[in-house]
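See below for the structure under consideration.
The values are calculated or read from the model by the stated rules, or taken from the named source; none is laboratory data. The structure presented is a predicted model; accordingly, all values stated were derived computationally and were not measured. Cβ coordinates were reconstructed from backbone atoms using ideal geometry, including for glycine residues, and neighbour counts include every protein chain displayed. Heavy atoms of the whole protein, side chains included, go into the accessibility calculation; ligands, DNA and RNA do not. Shrake-Rupley method; radii C 1.70, N 1.55, O 1.52, S 1.80 Å.
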Amino acid sequence: MGTSKFYFIEIASRVGGAYITDVVKAASGVNLWREWAKLEVFAGHTPYSLPAPQKDYAGVVLSLARQENPDTSSYNDPEIVERIDKKYHAGFVLKSPDSARIVTLLDSYAQRFRHDFFATAPVPDKPTS
């Protein structure tokens, strides 16, 4: 950790899903949607420059939940910068200047989520989308 390397894991020509943009924004302050729009709008007419990124660490923890609106109020660490508000889901985006703290929280929350919220859904026989 601590290197200034970026790894592009999305192969489609779009901004990634699954709260990846929220994690990038939390860690770096860079809004990928805004930057993508700048590239599209100015499409070679204006030189592009990335805004100076912050140098924090971030992560996301997300689970399908048994409850329609899970109560996450007992999760109150200051590293929580976003509570994911989606029915039948529990999740957070976390941010810290300490990478080890993010890893510790993600591991802890994964265990707690399993007990407090975790649900599974059967795999459909046919794709739904």
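Structure summary
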{"read-out": "Filter result for the condition that a residue is under 30 Å from V123 (Cα atoms), out of contact with any Pro (no Cβ under 8 Å at 6 or more places or on another chain) and in a loop (DSSP other than H, G, I, E, B), over G16, G44, G59", "value": "G16"}
{"read-out": "Index of the failed condition, D22 passing every other in (1) open to solvent by 60 Å² or more (accessible area, probe 1.4 Å); (2) of a type outside the set (K, R); (3) under 28 Å from A121 (Cβ atoms)", "value": "(1)"}
{"read-out": "Of the criteria (1) within 30 Å of V123 (Cα to Cα); (2) in a loop (DSSP other than H, G, I, E, B); (3) free of Cβ contacts under 8 Å to residues at least 24 places away in the same chain, which one A52 fails", "value": "(1)"}
{"read-out": "All positions within the range 83-108 that are open to solvent by less than 60 Å² (accessible area, probe 1.4 Å) and assigned to a strand (DSSP E or B)", "value": "H89, A90, G91, F92, V93, L94, S96"}
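Listed here are the residues, each with its yes/no results for (1) of a type in the set (G, A, S); (2) in contact (Cβ under 8 Å) with a residue 12 or more places away in the chain; (3) within 24 Å of S28 (Cβ to Cβ); (4) touching a Phe, Trp or Tyr at 6+ places or on another chain (Cβ under 8 Å).
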site	(1), (2), (3), (4)
G59	yes, yes, yes, no
T72	no, yes, no, yes
I84	no, yes, yes, yes
K87	no, yes, no, no
G91	yes, yes, yes, yes
S99	yes, yes, yes, yes
L105	no, yes, yes, no
A110	yes, yes, yes, no
